[in-house]
1. Kindly establish whether residue 178 is closer than 26 Å to residue 15 by Cβ and exposed (fewer than 15 other Cβ atoms within 10 Å of the Cβ).
2. Taking the criterion of being in contact (Cβ under 8 Å) with a residue 60 or more places away in the chain, within 20 Å of the chain's Cα centre (by Cα) and under 30 Å from residue 19 (Cα atoms), would at least one residue in region 126-136 satisfy it?
3. Report, by residue number, each residue of region 20-40 that is closer than 16 Å to residue 62 by Cβ, part of a helix (DSSP H, G or I) and in contact (Cβ under 8 Å) with a residue 12 or more places away in the chain.
4. Going by the structure shown, is residue 93 under 17 Å from the mean Cα position of the chain (by Cα), modelled with pLDDT under 95 and closer than 30 Å to residue 206 by Cα?
5. Is it the case that some residue within region 49-57 is more than 16 Å from the chain's Cα centre (by Cα) and either crowded, with 21+ Cβ neighbours inside 10 Å or closer than 28 Å to residue 192 by Cβ (or both)?
6. Tell me the residue from 200, 164 that is within 20 Å of residue 49 (Cα to Cα) and in contact (Cβ under 8 Å) with a residue 40 or more places away in the chain, please.
7. Taking the stated definitions as given, is residue 194 in contact with a strand residue (DSSP E or B) (Cβ under 8 Å, 6 or more places away or on another chain), under 25 Å from residue 92 (Cα atoms) and in a helix (DSSP H, G or I)?
8. Answer yes if at least one residue in region 23-45 is touching a helix residue (DSSP H, G or I) at 6+ places or on another chain (Cβ under 9 Å), surrounded by 12 or more Cβ atoms within 10 Å (Cβ to Cβ) and farther than 20 Å from residue 98 by Cβ, and no otherwise.
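The values are calculated or read from the model by the stated rules, or taken from the named source; none is laboratory data. What you see is a predicted model, and the numbers here were worked out from it, not measured in a lab. Don't worry about glycine lacking a Cβ; one is built from the backbone with ideal geometry, like all the others, and counts go over all protein chains shown.
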């Protein structure tokens, strides 16, 4: 595995073009450079972070079209996760808007959401509330599918009803294309942000767990 040297500026430019020309011909014409300027750096980045943050998975570029109305064949971002299971722990992605860094969990099953809500409703929920508040104060945005009304079995006046409505929970920040993105310093920045996200990642690993 080559050392991480940064994400070349071509990567975000490529994804901006892919959003307009999501075809097999366009992909074939650019695949070799994508492997060098996007996939290769992403693999090198997460490989360098694995010893501290856990096993990493770099996602495939192909969309699952089995049940999709949108027949575009390729994802318009290159994502990767680190942690005990995919979509549980830490996240990083490159797309047309630059680099996005996050942590938390994307629900793969109703059982994960049930465990999440049970923990939010328990004493552990107070700790999560503090973690989320701290991350929002640092500029992270809280994302994830959520109900518009209260989930069944929980009172509408529960003090943590906003968290209980969520089916999943991710804290993310898009840092765009700063001067350090195409340099080895990008590793230090992602490492720092994942460090900030560690309390959230540890909480979801302990209380949600893999599918």
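1. yes
2. Step one: filter region 126-136 for residues in contact (Cβ under 8 Å) with a residue 60 or more places away in the chain, giving 127-128, 131-132, 134-135.
Keeping just the survivors that are within 20 Å of the chain's Cα centre (by Cα) gives 128, 131-132, 134-135.
Still in the running and under 30 Å from residue 19 (Cα atoms): none.
The answer is no, given that none of the residues of region 126-136 is in contact (Cβ under 8 Å) with a residue 60 or more places away in the chain, within 20 Å of the chain's Cα centre (by Cα) and under 30 Å from residue 19 (Cα atoms).
3. 24, 27, 30, 34, 38, 39
4. Numbers: under 17 Å from the mean Cα position of the chain (by Cα): yes; modelled with pLDDT under 95: no; closer than 30 Å to residue 206 by Cα: yes.
When the stated conditions are applied, residue 93 does not pass them.
5. To start, the set of residues in region 49-57 that are more than 16 Å from the chain's Cα centre (by Cα) comprises 51-52.
In the following step, the residues that additionally are either crowded, with 21+ Cβ neighbours inside 10 Å or closer than 28 Å to residue 192 by Cβ (or both) were identified as 51-52.
There is at least one residue in region 49-57 that is more than 16 Å from the chain's Cα centre (by Cα) and either crowded, with 21+ Cβ neighbours inside 10 Å or closer than 28 Å to residue 192 by Cβ (or both).
6. On the way: 164 fails: within 20 Å of residue 49 (Cα to Cα).
Of the residues listed, the single one that is within 20 Å of residue 49 (Cα to Cα) and in contact (Cβ under 8 Å) with a residue 40 or more places away in the chain is 200.
7. Numbers: in contact with a strand residue (DSSP E or B) (Cβ under 8 Å, 6 or more places away or on another chain): yes; under 25 Å from residue 92 (Cα atoms): yes; in a helix (DSSP H, G or I): yes.
Spelling it out, residue 194 is indeed in contact with a strand residue (DSSP E or B) (Cβ under 8 Å, 6 or more places away or on another chain), under 25 Å from residue 92 (Cα atoms) and in a helix (DSSP H, G or I).
8. Yes; the residues of region 23-45 include at least one that is touching a helix residue (DSSP H, G or I) at 6+ places or on another chain (Cβ under 9 Å), surrounded by 12 or more Cβ atoms within 10 Å (Cβ to Cβ) and farther than 20 Å from residue 98 by Cβ.
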